[in-house]
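The values are calculated or read from the model by the stated rules, or taken from the named source; none is laboratory data. Note that the structure is predicted; figures quoted are calculated from it, not measured. No Cβ is skipped: glycine too gets one built from the backbone with ideal geometry, and neighbour counts run over all protein chains shown.
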Amino acid sequence: MIFEGAVHKYGRDVDTDVIIPARYLTTNDPAELAEHCMEDIDAGFVTTVRPGDIIVALENFGCGSSREHAPVAIKASGVSVVVAASFARIFYRNAINTGLPIVVCPQAAREAQAGDRLRVDLLIGTVENLTQGKSYESEAFPPFMQELIDRGGLLEYVKTRVSGQGE
């Protein structure tokens, strides 16, 4: 799976409370969550994000509470993938379970600038900064994680397997 989009750049320790503030946790509707995604750290995010765009952050992205609303809000906002120097462990798992691709690539995360265009290939494990003309290696997704992402997350994967449509 290959994603290409413009960078929305953030620093370190971006916690789930700024990804989707607690005051909006009264809903599970992805579209409604997307309307408030990142608003406490970047008030203009929802008006500037375009389908396919990429969030890039430094260390410990998604720290804080374990709410699944955070990756759901990011995915529903149109972000195709998140690239970071590192992720909080629970966020990493929640992202995969909700079908949001995430990539650990410290050098790409440090060097990317807001507005750069990135191309991320999950299958071979590369992040290319098309604006800067640089390429970085990241870990490729193992086949089982790739399948979770391809199917839209754990719930959709299980539905497919139970219905007999999966392999």
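I'm checking my understanding of the structure. Among residues of the stretch 92-120 that are at pLDDT 95 or above and of a type in the set (D, E, K, R), which one is surrounded by the most Cβ atoms within 10 Å (Cβ to Cβ)? Of everything passing the filter in the stretch 92-120, Asp116 is surrounded by the most Cβ atoms within 10 Å (Cβ to Cβ). Considering only residues in the stretch 136-154 that are of a type in the set (A, V, I, L, M, F, W, C) and part of a loop (DSSP other than H, G, I, E, B), the one that is surrounded by the most Cβ atoms within 10 Å (Cβ to Cβ) turns out to be Phe141. In the condition set (1) outside any helix (DSSP H, G or I); (2) of a type outside the set (D, E, K, R); (3) in contact (Cβ under 8 Å) with a residue 12 or more places away in the chain, Ala43 is compliant with all but (3). Pairs linking a residue in the stretch 9-29 that is modelled with pLDDT under 95 and in a loop (DSSP other than H, G, I, E, B) to a residue that is surrounded by 12 or more Cβ atoms within 10 Å (Cβ to Cβ) and of a type in the set (A, V, I, L, M, F, W, C), with Cβ atoms under 8 Å and 6 or more positions apart or on different chains, are Thr27/Leu33; Asn28/Val72.
Within the stretch 121-135, take every residue that is more than 20 Å from Lys75 (Cβ to Cβ) and surrounded by 14 or more Cβ atoms within 10 Å (Cβ to Cβ) and give me the one that is modelled with the lowest pLDDT.
Step by step, filter the stretch 121-135, then rank; the result is Gly125.
Ser66 meets each of the listed conditions (1) surrounded by fewer than 18 Cβ atoms within 10 Å (Cβ to Cβ); (2) modelled with pLDDT of 95 or more apart from (2).
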